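In what follows, a structure is listed as structure tokens, so that the remarks can point back to it.
The values are calculated or read from the model by the stated rules, or taken from the named source; none is laboratory data. Model, not experiment: these values are computed from the prediction. Note: ideal-geometry Cβ built from the backbone for every residue, glycine included; neighbour counts use all protein chains shown.
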Amino acid sequence: MKNIPPNYHDLLKDETQAFLFLATTMKDGSPQVTPVWFNHDEEHILINSAKGRVKDRNMRARPQVAFVIQDPADPYRYLQIRGRVVEITEEGGAEHIEALARKYTGKPWRGNSPDEVRVIYKILPEKTDAH
């Protein structure tokens, strides 16, 4: 994946099960941080949320984000990334959260509500700092 050092690509693999700590910006400029499941498409980091949640509203209004992916085996090894949301889509959102649930829990997704609309956010990494 471009902008990510090759010796940190293991943190992006499904079997690593690393969490991504996503920082978005609130309307008043204050930060909001949430741990989320993720995967990637070789160019973008892909995350999933329900339409209408705080991070959804923040990323739609202010697409600049930052996040950390921490190595579950070594908390002092991590990637710090700044980037921007380049695409938001509901298409495939339900299937994506199902794939993430199986990656992280080994079980099917149990949604919060039958009316919940799942959304995929494609984040383009722009600046990376590896530790």
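For the range 37-52, residues that are surrounded by fewer than 18 Cβ atoms within 10 Å (Cβ to Cβ) and among the hydrophobic types (A, V, I, L, M, F, W, C) total 1. For the range 118-131, the tally of residues that are more than 12 Å from Ile4 (Cα to Cα) and either of a type in the set (A, V, I, L, M, F, W, C) or not in a strand (DSSP E or B) (or both) stands at 3.
Do the conditions hold for Tyr76, that is, is it in contact (Cβ under 8 Å) with a residue 60 or more places away in the chain, within 21 Å of Phe21 (Cα to Cα), aromatic (Phe, Trp, Tyr) and in a strand (DSSP E or B)?
no
Checking each residue in the range 47-73 for being under 22 Å from Lys2 (Cβ atoms) and either in a loop (DSSP other than H, G, I, E, B) or acidic (Asp, Glu) (or both) picks out Pro63, Asp71.
Among the residues of the range 76-94, just one is more than 14 Å from the chain's Cα centre (by Cα), farther than 16 Å from His9 by Cα and either modelled with pLDDT under 95 or surrounded by 18 or more Cβ atoms within 10 Å (Cβ to Cβ) (or both), namely Ala94.
If you check every pair at least six apart or on different chains, which have Cβ atoms under 7 Å apart with a residue in the range 92-117 that is assigned to a helix (DSSP H, G or I) first and a residue that is surrounded by 14 or more Cβ atoms within 10 Å (Cβ to Cβ) and of a type in the set (Val, Ile, Thr) second? The qualifying pairs are Gly93/Val119; Gly93/Ile120; His96/Ile120. The requirement of being surrounded by 15 or more Cβ atoms within 10 Å (Cβ to Cβ), under 25 Å from Arg102 (Cα atoms) and without any contact (Cβ under 8 Å) to a residue 40 or more places away in the chain is satisfied by Lys55.
Here is a yes/no grid of residues against (1) surrounded by 13 or more Cβ atoms within 10 Å (Cβ to Cβ); (2) acidic (Asp, Glu); (3) assigned to a loop (DSSP other than H, G, I, E, B); (4) under 11 Å from the mean Cα position of the chain (by Cα):
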| position | (1), (2), (3), (4) |
| --- | --- |
| Ile4 | yes, no, yes, no |
| Tyr8 | yes, no, no, no |
| Glu15 | no, yes, no, no |
| Ala18 | yes, no, yes, yes |
| Asp28 | no, yes, yes, no |
| Thr34 | yes, no, no, yes |
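Taken over the range 7-25, the criterion of being touching a helix residue (DSSP H, G or I) at 6+ places or on another chain (Cβ under 8 Å) and of a type in the set (A, V, I, L, M) is satisfied by Ala18, Leu22.
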